[in-house]
Amino acid sequence: MTHTFSDNFQIILANTHETRLACHQLRYDVYCKEFGFESAKAFPDGLEWDTFDEWSTHYLIRTETTHESVGTVRIVNANPRLGRLTPIERLYAVKYPEQPCPFEPQTNFCEISRLTLAQKFRRQSSTPNARDSIEPISSRAAPLLYLTLVYHLLNQSDYRRAYAMLEPRLGRHIARIGFPVRRLGEVVDYHGQRAPFEVQVEGLYDALSPWLRRCYDDVASEIKSADQLVVKRPRMPLSGGIITPRPALLFPRLAIE
């Protein structure tokens with residue numbers, strides 16, 4: 001794993017104009033063009049985004065030599081006191097108001113969202129309905145997404161819990177490779193068939209499988225030596241040279257992730 005990471009990939013905290021653009025472009029390619037989860041027409045500049053990006057931390061995985069985008073993930077930093085909801089909270093409030101949110105709103109939690117791998121780095125499911133069959137389990141790249149999440153939760157935040165909407169199959173796969181997730185509720189229609197999952201931050205490192213823990217130790221060491229992740233829970237404004245938000249008039253609909 002150390003050889004694969006150091007020789008092939010970089011994990012970047014996306015707090016620059018260049019890396020944030022790469023995250024949004026990759027999301028557009030996968031969420032809009034490939035799977036049609038969001039309308040490509042809604043993003044004529046080829047940058048998929050929503051209101052939750054304003055209070056999120058973004059990570060980019062790219063190739064070492066060519067800087068080709070491999071994957072991206074965002075951590076939505078919830079703050080109920082400031083009215084900063086997570087996509088899951090908004091989803092159940094807007095689309096499924098008859099169902100309770102699968103977790104109680106609290107102060108120290110976040111949501112793992114827009115977990116994305118570029119098509120060439122993803123092993124595609126062979127089932128006929130590809131739109132409901134994202135299977136981001138490349139032998140090289142996908143574990144780096146999960147290890148990035150571990151790194152953030154252990155080193156870049158004070159969260160107690162993290163939540164995510166995942167395909168049940170992906171949740172089972174992540175659990176099998178040693179990432180401790182727990183399913184909280186029933187499947188709902190949300191960018192395909194998704195169910196809510198929880199990660200407990202306390203004890204997370206010890207809960208990793210021995211293989212994944214060794215991988216994490218190697219990756220974390222590489223990240224620190226490269227000095228790539230140095231900011232403590234950065235506040236990422238969408239203005240000021242990062243990503244300029246589009247006028248609300250162009251996007252009156254309520255984004256739910």
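Numerical summary
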{"item": "Index of the failed condition, residue 105 passing every other in (1) surrounded by fewer than 13 Cβ atoms within 10 Å (Cβ to Cβ); (2) at pLDDT 90 or above; (3) of a type outside the set (A, V, I, L, M)", "result": "(2)"}
{"item": "All positions within the stretch 27-41 that are assigned to a helix (DSSP H, G or I) and exposed (fewer than 14 other Cβ atoms within 10 Å of the Cβ)", "result": "41"}
{"item": "Subset tally (residues that are touching a residue at least 24 places away in the same chain (Cβ under 8 Å), in a loop (DSSP other than H, G, I, E, B) and surrounded by fewer than 24 Cβ atoms within 10 Å (Cβ to Cβ)) for the stretch 86-101", "result": "3"}
{"item": "Residue match in the stretch 51-58 (condition: touching an Asp or Glu at 6+ places or on another chain (Cβ under 8 Å) and either surrounded by fewer than 20 Cβ atoms within 10 Å (Cβ to Cβ) or modelled with pLDDT under 95 (or both))", "result": "yes"}
{"item": "Any pair with Cβ under 9 angstrom, 6 or more apart, that starts in the stretch 26-38 at a residue that is without any contact (Cβ under 8 Å) to a residue 40 or more places away in the chain and ends at one that is of a type in the set (Lys, Arg) and surrounded by fewer than 19 Cβ atoms within 10 Å (Cβ to Cβ)", "result": "32/41"}
{"item": "Within the stretch 208-224, considering residues that are among the hydroxyl-bearing types (Ser, Thr, Tyr) and at pLDDT 80 or above, the one surrounded by the fewest Cβ atoms within 10 Å (Cβ to Cβ)", "result": "209"}
{"item": "Hits in the stretch 9-25 - residues which are farther than 18 Å from residue 149 by Cα and of a type in the set (A, V, I, L, M, F, W, C)", "result": "21, 22"}
{"item": "Condition check for residue 134: within 19 Å of residue 194 (Cα to Cα) and modelled with pLDDT under 85", "result": "yes"}
{"item": "Lone qualifier among 57, 65, 72 - being of a type in the set (Ser, Thr, Tyr), in a strand (DSSP E or B) and more than 15 Å from residue 118 (Cα to Cα)", "result": "57"}
{"item": "Odd one out for residue 256, checked against (1) touching a strand residue (DSSP E or B) at 6+ places or on another chain (Cβ under 9 Å); (2) under 24 Å from residue 100 (Cβ atoms); (3) modelled with pLDDT under 80", "result": "(1)"}
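Rundown of residues vs (1) modelled with pLDDT under 85; (2) surrounded by fewer than 20 Cβ atoms within 10 Å (Cβ to Cβ), yes/no style:
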residue	(1), (2)
148	no, no
156	yes, yes
160	no, yes
173	no, yes
177	yes, yes
180	no, yes
196	no, no
203	no, yes
226	yes, yes
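The values are calculated or read from the model by the stated rules, or taken from the named source; none is laboratory data. Note that the structure is a prediction, hence the values are computed from the model and not measured. Positions of Cβ are generated from backbone atoms using ideal geometry, with glycine treated the same way; all protein chains shown enter the neighbour counts.
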